[in-house]
Structures are given as C-alpha cells and as structure tokens.
Amino acid sequence: MSRPRVGFLGTGWIGRNRMAAILATGLVEPAFICDPDPACVAEARALAPQALVVEDFDAMLGGRPDGVVIATPSAQHAAQSSRALAAGVAVFCQKPLGRSAAEVREVVEMARRADRLLAVDLSYRATRAVEAIRALVQSGELGGIYAADLTFHNAYGPDKPWFYDRAQSGGGCVIDLGVHLVDLALHVLDFPDVVGVSSHLFAQGRPLVGDGVEDYATAELTLATGAVVRLACSWRLHAGRDAVIEAVFRGADGAAALGNVDGSFYDFAVDRLDGTAARRIVAPPDDWGGRAAARWAQALSRANRFDPEAERYGAVAGILDRIYQSRAAY
C-alpha cells in the first residue's frame, strides 16, 4: 500500500519542526515544499531531498497531494485550509485555524462536507502532563471541578510584524497564547457549555483601546456546571524567566497542578495536591513538540476521513471571540 503524499506549506522553524515529526513516523511521503524564503526551503529540503519544491499553493494542490501541512501567517490559514479540503486534501494547520469563530466554523464545515481529515496544532493537548491531568479529572478522582486557573506568559513575544496587525493576526496574545489555555481548559473538562465570559485586555501597560492588539489579558469563564475558569496570558511580561505556563484544576476531593520547569517552554511537571501534601505524578523529559503532527500523520495513513473532534475547534474559537467582545470598556 502506498504512503499518503504530503505537501509542506510554510517551512519556517515551526513548519520544519512539525515536518520532521511527521516524517519520523515513516507513514507519509514528503511530496512538496513551498515557502517564499529560499533559506527555509533549503533547510526543508535537507529533511526531505526527494520532495519537489513548488512555486505556490496552486502548484502544490495541482500535484494532488493527500495532505498538506500549513504553517503560514495566521491570516492565510482559513482560506488555505478550505481550498485544500475542497480539493479533497487533508489538512494539518498551525493555530489559529482562523482569525474568528466564523472563519474557523467555515473551515470545519468544509472538512465535514468534503469528509476529509482536519487537525489543528493545539500541541499542548498532547503533552504527558495534560494527558495525566485530564485522566484525573475524567476519572472523578478529584471530585467535581469547581475552579481552574490557567496561565501562559511569554517573556519575549512574536518577532514578525504581522502578529501586531489585527487584520492579519486576528488579535494579540489571546489568539496566540490564550487559544491554548481555552482549549486545554475545555479539553480537560470535556467541553462543557460556557454561559458567561468577561475579560480585561491591555497594551503596553494600559487598557486596550481601538484596533491595536493586546499584549496582556485576563478572562473569566463561567461554565454551565457552575465552575469558574480564570485565564491569563501575555507577551513580553517582566516574568523573571522565559515563560510562565501553569494550569491548576481544583476539585472537591483534590487538585492537580501543571507547571513549566525553570521557565522552560518545553518541560512540564504535574503534582497531585491533597491538603498540604503534593505528590509528583509527571516529570520531564517528554518529547511532545511534534506529537500532534505525528498523530495527524498516523490518522491520515489509516483514512482521510472527517474526524468529529474537529467540531470543537469552533467552540474554542467562539470563546476567543467572546473574550474580545466582552473586554471591559474604559
């Protein structure tokens, strides 16, 4: 049986990282590479010298790949994903899938109508740390979850100008980092209905006004279960370390806390909390960065069919829209 042929659209650092993870499965054939930067193309060709370098996305789709991996600027994600799906091509796309819930839901609907595989690189779901917390919550061991606090502070922030243009990015740190927090909270709790959203957005230390993008945000989600989820994210925070990435889920019978180790973007530990006692249940290392991409390749090798899990991307995007719409007025 022949392996699915995959095209790689956008081969910057993250595109190449996901490309390497997909190729390491041995389940797909690298068929096409496309990137406007010759240096990125050269590094991608070092991973897959047999792949054909093509000039643009039209040429890639014209080669009739079975799947495409999209790692382009955010403004292009929805249109490129929809075009691929309409052509019968499976998609693995970097987050965000779209700049708004409307864009995301249009892509998901296209995948459903075309009956083609669609996945988004919400990669933190695939860490052993998050999988352990979800298992604790879903087993009922912690009791009913009544509160959760999730944080993602990046002491650096994006280095490409389009991130700071709302028309191109869809927003600032909320759509860049907060998307992970919203997804993780809902994923761990099995996507309960969100009945209330409030938020505060800031830019350079002041409340956000106009059409700029936020670099600090807090939000509170009230769930239909009665639980409250609090979120905080930022770019270029005076954090005292590279990053602060944390998630605590509190139940009537115990709690579970995830934290990044020594400010790392990659190393996570999980503690099971009972009163004043803490017991470590997950510790690094965990080579998780390309795990979501590898799982997409595994699914594609089995069947290029619509996965109903994709419907949940629209739910996450809907909450992001509500965070932007509900920000406090000043």
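The values are calculated or read from the model by the stated rules, or taken from the named source; none is laboratory data. Bear in mind that the values here come from a model prediction, so they are computed numbers and not experimental data. Virtual Cβ from ideal backbone geometry, glycine too; neighbours counted across all protein chains shown. Just the protein is used for accessible areas: all its heavy atoms, side chains included, with ligands, DNA and RNA removed. Shrake-Rupley method; radii C 1.70, N 1.55, O 1.52, S 1.80 Å.
Does the stretch 184-233 come out rounded, prolate or oblate, given a ≥ b ≥ c as the square roots of the eigenvalues of its C-alpha gyration tensor, rounded meaning a/c under 1.5 and, failing that, prolate meaning a/b above b/c? It comes out prolate by the Cα gyration axes.
The stretch between A277 and D58 holds 73.1 nm of extra length on full extension. This uses 0.36 nm per residue minus the Cα-Cα distance. Here R113 and D37 are evaluated by their C-beta separation; at R0 = 35 Å the FRET efficiency comes out at 0.55.
Potential lengthening of the chain between A224 and Q76 amounts to 49.9 nm, from the contour at 0.36 nm per residue minus the alpha-carbon distance. Solvent exposure of the chain amounts to 44 Å² per residue of accessible area, where only protein heavy atoms count and the probe is 1.4 Å. Among the chymotrypsin sites (Phe, Trp or Tyr not before Pro) found in the stretch 173-275, those both in a DSSP coil and sparsely packed, with 16 or fewer other Cβ atoms within 10 Å of their Cβ, are F265, Y266. Taking trypsin sites (Lys or Arg not before Pro) across the stretch 179-243, the ones in a DSSP loop with at most 15 further Cβ atoms lying within 10 angstrom of their Cβ are R236, R241.
Highest average first, the peptides 308-319, 174-185 ordered by how many other beta carbon atoms sit within 10 Å of their residues are 174-185, 308-319. Spin-label pair S2-R302: with each label point 7 Å from Cα along the Cα-Cβ axis, the two points sit 2.3 nm from one another.
The calculated 222 nm mean residue ellipticity attributable to helices in the chain amounts to -10000 deg cm²/dmol, summing -39500 (n - 2.57) over DSSP H runs of n ≥ 4 and dividing by all residues. Computed in the context of the full set of protein chains, the accessible area of the chain at 1.4 Å probe radius has 51% of its extent on carbon or sulfur. Taking every Cα-Cα distance in the stretch 69-164 and sorting them into 10 Å bins starting at zero, the pair-distance distribution P(r) comes out as 14, 33, 28, 23, 3 percent.
In this label model, A167 and E309 are separated by 3.7 nm, measuring between points 7 Å along each Cα→Cβ vector. Look at where the Cα atoms of the stretch 78-99 and of the stretch 20-47 average out, and the two centres are 18 Å apart.
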